[in-house]
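Peer 1: Handing you this structure, nothing more for now.
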Amino acid sequence: MTAELWRGARLVPMDGPEDRPCGDVRVADVRIVDGTIESIGLLAPRRGDVVRDASGLTMVPGFVQGHVHLCQTLFRGLADDRPLLRWLRECIWPLEARHDSESIRVSAELTVAELLRGGTTAVQAFETVRHTEVAAEVLADSGMAATFGNCLMDLSGDGVPASLAMPRDEALRHCDELRRAFHDRGRLRYAITPRFVLSCSEPLAREAADFARDHGLRVHTHACEHREEVAVVRARFGHDYLTVLDAQGLLGPHASLAHCVHLTEAELDLLAMCGAAVLHCPSANLKLGSGVAEITRLRELGVPVALGADGAPCNNRLSALTELRQAALLQCLAAEPGAWSAAEALWTATRGGALAIGLDDCGVLRAGASADFVLFDLEAPELGAHDDVIAKLVWSAAERHIRHVVVGGRRAVVDGELVGVDLRALAARARDALRRLR
């Protein structure tokens, strides 16, 4: 048994009622035993405790990102200045088709390093068609709570290289291999991951939905991201985007949908009824010119929401703090200032995001929860002289204010430095891998 006692931190627990979602901010000690929070309060050290001084620091649950592409991080900066479908056809699909197992490994390691340094301790990852087992291994080694899936797309043409698409029977066999190898292994979960309506045949979509239901798996896909995409879906199917997904069996409380920027009133009603979550990626939606999702409206309807950075080629950051601030700013514009409060935005980046993607023991500081947390130094003068820690975290804080990150009880970042990773060597491997692919 390993035990640590973090003493004297100011806690933002994320365990409050609807009108105070961040809970009561207070100074307390936190005891961790074997990766789980055992107790919180004014605690005396016990024999065998490793005592760590957290006085003057603010502890928040680790950030939860509901939509990230580990496989795309290697392609950062290679797909700028394009709307969604051109971005996919001209850059992303051809690059993903060239991936091999080593380039996937480097891309995944780059992603995990960036996520951990930025305080993200749980992630839902949307990978490419092949070599997903390599990304899963990297996620397993990270200690993060991670839901992952291999991209399902069996339709080539229209910009999709033939080498990227995988036939339906082969794709479903591959899903089962990944499920057997990784689902419920440590903190990993496997999810069924159709790319989007336009990349999957009707038989593949329906059989994937059946597979998810039969094995109790989550579904992770894209929906209603860009006006051009929505128009193509309507022309091809004659129905709203979410109506198509529903008919294929892919909607429900087990599903999470990235983006949902362009929703009809009927689709809003369908989301509220079916219980699916929305994965809000504000920076990517801006950079691809997709628009601004109506998060305030979705939350009023009771739709679960998580935040995500999406992929590095359409962001170009993987920062939870950037997405937190961006999401809050955009709702000031889409609704009005205060309609979606800073407190609810911070809750969405932590506890709300965890619940949206089915993680009950993450995103909260309480006994029995996983010991995933970030310690901030919020005393820097650029953060303001006031004591409103929620305002500081949402509107002002940056990665440079992170002192420590703990994942499953293990210190991943200490004094601002990532533990056990040679970043210069990783960058050199990334350059070599990209040169080879290009």
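The values are calculated or read from the model by the stated rules, or taken from the named source; none is laboratory data. None of the values given here were measured: they were computed from a predicted structure. Cβ atoms come from the backbone with ideal geometry, glycine included; neighbour counts cover every protein chain shown.
Peer 1: Which of the following residues is within 22 Å of Pro17 (Cβ to Cβ), of a type outside the set (D, E, K, R), assigned by TED's automatic domain parsing to the domain that holds Gly186 and over 17 Å from the mean Cα position of the chain (by Cα): Leu298, Leu307? Working first, answer last.
Peer 2: On the way: Leu307 fails: over 17 Å from the mean Cα position of the chain (by Cα).
It is Leu298.
Peer 1: Quick one: is Glu229 in the same structural domain as Val292 (by TED's automatic domain parsing), in contact (Cβ under 8 Å) with a residue 60 or more places away in the chain and either out of contact with any strand residue (DSSP E or B) (no Cβ under 8 Å at 6 or more places or on another chain) or closer than 29 Å to Glu294 by Cα (or both)? Step through it out loud before you land on a result.
Peer 2: On the way: in the same structural domain as Val292 (by TED's automatic domain parsing): yes; in contact (Cβ under 8 Å) with a residue 60 or more places away in the chain: yes; either out of contact with any strand residue (DSSP E or B) (no Cβ under 8 Å at 6 or more places or on another chain) or closer than 29 Å to Glu294 by Cα (or both): yes.
Criteria met by Glu229.
Peer 1: Can you list residue pairs whose Cβ atoms sit under 9 Å apart, with the first residue in segment 354-381 being at positive phi and in contact (Cβ under 8 Å) with a residue 60 or more places away in the chain and the second being in a helix (DSSP H, G or I) and of a type in the set (S, T, N, Q)? Count only pairs 6 or more apart in sequence or on different chains.
Peer 2: Gly363/Thr350
Peer 1: Determine whether segment 50-57 contains at least one residue that is more than 22 Å from Leu393 (Cβ to Cβ), part of a loop (DSSP other than H, G, I, E, B) and not assigned by TED's automatic domain parsing to the domain that holds Gly308. Step through it out loud before you land on a result.
Peer 2: Pass one, segment 50-57, residues more than 22 Å from Leu393 (Cβ to Cβ): 50-51.
Going one step further and asking which of them are part of a loop (DSSP other than H, G, I, E, B), we end up with none.
No: segment 50-57 contains no residue that is more than 22 Å from Leu393 (Cβ to Cβ), part of a loop (DSSP other than H, G, I, E, B) and not assigned by TED's automatic domain parsing to the domain that holds Gly308.
Every residue, every condition in (1) within 20 Å of Leu74 (Cα to Cα); (2) at pLDDT below 95; (3) assigned to a helix (DSSP H, G or I), yes or no:
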position: Glu109; (1), (2), (3): yes, no, yes
position: Thr121; (1), (2), (3): no, no, no
position: Ser163; (1), (2), (3): yes, yes, no
position: Ala171; (1), (2), (3): no, no, yes
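Peer 1: Could you check how many residues of segment 1-47 are hydroxyl-bearing (Ser, Thr, Tyr) and either closer than 23 Å to Ala343 by Cβ or in a loop (DSSP other than H, G, I, E, B) (or both)?
Peer 2: Our first condition is that a residue be hydroxyl-bearing (Ser, Thr, Tyr); within segment 1-47, this holds for 2, 36, 39.
Checking which are either closer than 23 Å to Ala343 by Cβ or in a loop (DSSP other than H, G, I, E, B) (or both) leaves us with 2.
Total meeting the criteria: 1.
Peer 1: Out of segment 244-276, which residues are closer than 18 Å to Arg195 by Cβ and part of a helix (DSSP H, G or I)?
Peer 2: Scanning segment 244-276 gives Val244, Leu245, Asp246, Ala247.
Peer 1: Of all residues in segment 82-129, count the ones that are within 18 Å of Leu188 (Cα to Cα) and not β-branched (Val, Ile, Thr).
Peer 2: Qualifying residue count, segment 82-129: 11.
Peer 1: Could I ask something else about it? Mind telling me which of the residues Arg185, Arg206 ends up being of a type in the set (D, E, K, R) and under 20 Å from Gly249 (Cβ atoms)?
Peer 2: Values: Arg185 fails: under 20 Å from Gly249 (Cβ atoms).
Only one candidate passes the filter, namely Arg206.
Peer 1: Sort out which residues of segment 135-161 are assigned to a helix (DSSP H, G or I) and either farther than 27 Å from Ala356 by Cβ or touching an Asp or Glu at 6+ places or on another chain (Cβ under 6 Å) (or both), and write them in order of number. Outline the logic, then answer.
Peer 2: Going residue by residue through segment 135-161, those that are assigned to a helix (DSSP H, G or I) are 135-142.
Once the filter is applied, which keeps residues that are assigned to a helix (DSSP H, G or I) and either farther than 27 Å from Ala356 by Cβ or touching an Asp or Glu at 6+ places or on another chain (Cβ under 6 Å) (or both), segment 135-161 yields Ala135, Val138.
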